[in-house]
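In what follows, a structure is listed as structure tokens, so that the remarks can point back to it.
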Amino acid sequence: MKKISLFILCFICYVSFSQTSLKPTTVNIFKNGTYYIVKEGNIKTNDGSALIEIPSNPLLGTYWITSVKDLKISDINYKTDTLKTNKRVQSIIDLIGANIGKKLKFTYKPNDKELRDVSGILVSYQKLYGLIKLKQADNKYFFLYVNNIVDVLFEENPEESIKSDSVCRLAQIKFDKTPSSVDLKVYYMQNGMQWLPSYNVKLINDKELQLEMKAIVENYAETVENAELTLTVGSPQFYFGSAFDPISFNDLTNGYSLKTTSSAFRAAQPMQQYYSNAIMTDGSLAESAPVAYDDYNNYDTQGEKTNDLYIYKLGKVSLPNKSKTSFQIFSVKIGYKDVYEVNLNDFVSYYNRGYISIDPDKRYDVYHSFQLLNTTSFPFTTAPVFVLNEQLQPLAQDQIKYTPSGSNCTVQLSKAGDVIIKNKEEEIKKEDGVKRVGKSVYNRVTIKGTVTVENLQDKKINLNIDKNLIASIIEVSDKGKIIKSGRYSNLNPNSSIEWEIQLIGKEKKEITYQYEVLVNASLGSY
């Protein structure tokens, strides 16, 4: 016997019809809300043609059908038609309507205070009035309103699907032969599935950390059962974007650019709402023995690089329609560097003003960061990251950006109030009229800059300083690295200096630089 409760009856709706038996075998999901799917199966034919349902909105040029080698497809006719479909019951009303003639028992509430049972054969159900007619063992008839039912107990296996009309787009496939059935493969891309990665960082010591990634797969397109799932990292070229294939239209195609999706699935989904697993403590377990959680477990998902993309292979999975499913992708131990970072722009902008205007006592924001070294064989994709210390207490949340294998990325933790950075500049030389462009005369001015750095902490720190200038840098101290971008603003190049400095606890020092800038003689005091 099978008991079905009104309160726990919950089915996932799916639609199928007898002509179609194509099942998903492979699904490849991208981060921009699109997916690629392959379906295969054996289709019965009628007079040398087979009938299959077309996906709702395949993307332009991606829908293809292939048959076995010894059978050629002569032509395919796309049309809208009405078919009898099998629909899984979704309510107690559907269930009763699908089981006329079955023997069962109802538990019902005649009033607010009691429950009663009644058994018999289900004779009829008037859906309009919600009235059930039941023939009991003594050949008497019992009438019951469906709204009073609490439980249904079947004494034989119930029918859990009902037939209904379905209007859909169909492909009628004709072949050069007339087999009774044919093996077909269909593949296409469509909107409605995407995957959203997120990272979790747990510190191990001052040199190593545990980096874990999970993926939330959102499926709002179609049911996938027992298919090979891959998740793609990278930015493939899809020229026509979200334009639909003409086979999904029931009218004349009026140019590719006019038929675009209005779906809510877009390439730029807000990422800040998707976080990593939360670490929670239940106060009721405070006196219990500690549980040995494996917070630093190492594992990875099989993956491979294909051209400029990287794909994670998750094996065979099922993805119900209108659902979200989380998958653990990898957890690895990697090295990191504890750094402090500051970016100093060209605050004087001498080439534009012609004079020095900078507050030498102004403090600039210094950020405490972790520099992660990607020593894995796979890239890090762009995603939010949640950072925990050795005691699994939250430190920060930031974003890991796309990082190829062998490269590094920076995770920002917080502003560092105990590292002080100040910057001042002074003119040390001026040469008048060194260059003329048209009617404009330019002077060359040499400026000396000083960056004062002070570590108020007791520990040694690594400090990275970037100084940007629109000028020609001629001298730097403390092994600073001069970088020339090749771009110019008027006559002056866009340049920068990078310093990597170690400061012991309570240390204060000055680093210097000099640059030359061409400035219009009409600016400032010239």
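None of the figures in this text is laboratory data; all of them are computed from the coordinates on show. What you are looking at is a predicted structure, and each value in this text was computed from that prediction instead of being measured. Methodologically, a virtual Cβ is constructed for each residue, glycine included, from the backbone with ideal geometry; neighbour enumeration extends over all protein chains shown.
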- Show me 437-444, 458-465, 379-386 ranked by packing, highest mean number of other Cβ atoms within 10 Å first. 379-386, 458-465, 437-444
- Item | Per-residue ³J(HN,Hα) for the range 504-520, Karplus 6.51 cos²θ - 1.76 cosθ + 1.60, θ = phi - 60°, Hz, x for Gly and Pro | 6, x, 6, 8, 10, 8, 10, 10, 10, 8, 10, 8, 10, 9, 8, 10, 4
- Enumerate the amide H contacts of Ser124 below 5 Å, restricted to partners 5 or more residues apart or on another chain; note that Pro and chain-start residues carry no placed amide H. Lys133
- Provide the packing ranking of 202-208, 329-335, i.e. peptides ordered by the mean count of other C-beta atoms within 10 Å per residue, highest first. 329-335, 202-208
- FRET E, pair Ser326, Asn77, Förster distance 41 Å, beta-carbon r, rounded to 0.05: 0.45
- Message: Going by amide H atoms built from the backbone, whose H comes under 5 Å of the H on Lys435, apart from near neighbours?
- Response: Tyr442
- Query: Under 5 Å between amide H atoms, partner at least 5 residues away or on a different chain: which partners does Ile400 have, H built in plane at 1.01 Å?
  - Reply: Ala383, Val385
- Relative to a virtual label point 7 Å from the Cα of Ile162 in the Cα→beta-carbon direction, which members of the range 85-127 show backbone nitrogen distances below 17 Å? 85-102, 122-127
- Peptides 479-490, 220-231, 142-153, 190-201: what's the order by average Cβ count within 10 Å, highest mean first? 190-201, 220-231, 142-153, 479-490
- For the range 393-398, 3J(HN,Hα) per residue [Karplus equation, 6.51 cos²θ - 1.76 cosθ + 1.60, θ = phi - 60°, Hz, x = Gly/Pro]: 9, x, 9, 5, 9, 9
- Item | Estimated FRET transfer efficiency when R0 is 25 angstrom, pair Asn345-Lys415 (beta carbons, to 0.05) | 0.90
- Message: Using a 7 Å offset from the Cα along the Cα-to-Cβ direction at both Ala396 and Val68, what is the distance between the two label points in nm, to one decimal?
- Response: 6.1 nm
- Task: Set Lys and Arg Cβ to +1 and Asp and Glu Cβ to -1, take the dipole of the range 305-415 about its Cα centre, and tell me which of Phe380, Ser318, Tyr355 lies farthest positive.
- Result: Ser318
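For the range 131-242, just run the numbers: alpha carbon Rg, then divide by 2.2 N^0.38 Å, N being how many residues it has. Mind showing how you got there, number by number?
Details: Rg = 26.9 Å, N = 112, 2.2 N^0.38 = 13.2 Å.
After normalising by residue count via 2.2 N^0.38 Å, the value is 2.04.
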- The size of the Cβ-based charge dipole (Lys, Arg +1; Asp, Glu -1) of the range 476-526 about the Cα centre, to the nearest 20 debye, is 80 debye
- Please work out the Cα center distance from the range 478-515 to the range 384-401, rounded to the nearest Å. 30 Å
- Query: Once the piece of chain linking Ile482 and Ser377 is laid out straight, how much longer is it, given 0.36 nm per residue of separation minus the C-alpha distance between them?
  - Reply: 34.6 nm
- Label-point separation in nm, Ile100 to Asp458, each point 7 Å along Cα→Cβ: 8.5 nm
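What FRET efficiency comes out for the pair Gln90/Ser124, r = Cβ-Cβ distance, R0 = 30 Å, nearest 0.05?
The pair Gln90/Ser124 has a calculated efficiency of 0.90.
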- Treating the beta-carbon of each Lys and Arg as +1 and of each Asp and Glu as -1, no other charges, what is the dipole magnitude of the range 90-159 about its Cα centre, to the nearest 20 debye? 240 debye
- Report, in debye and to the nearest 20, how large the dipole of the range 51-96 comes out about its Cα centre when Lys and Arg carry +1 and Asp and Glu carry -1 on their Cβ. 60 debye
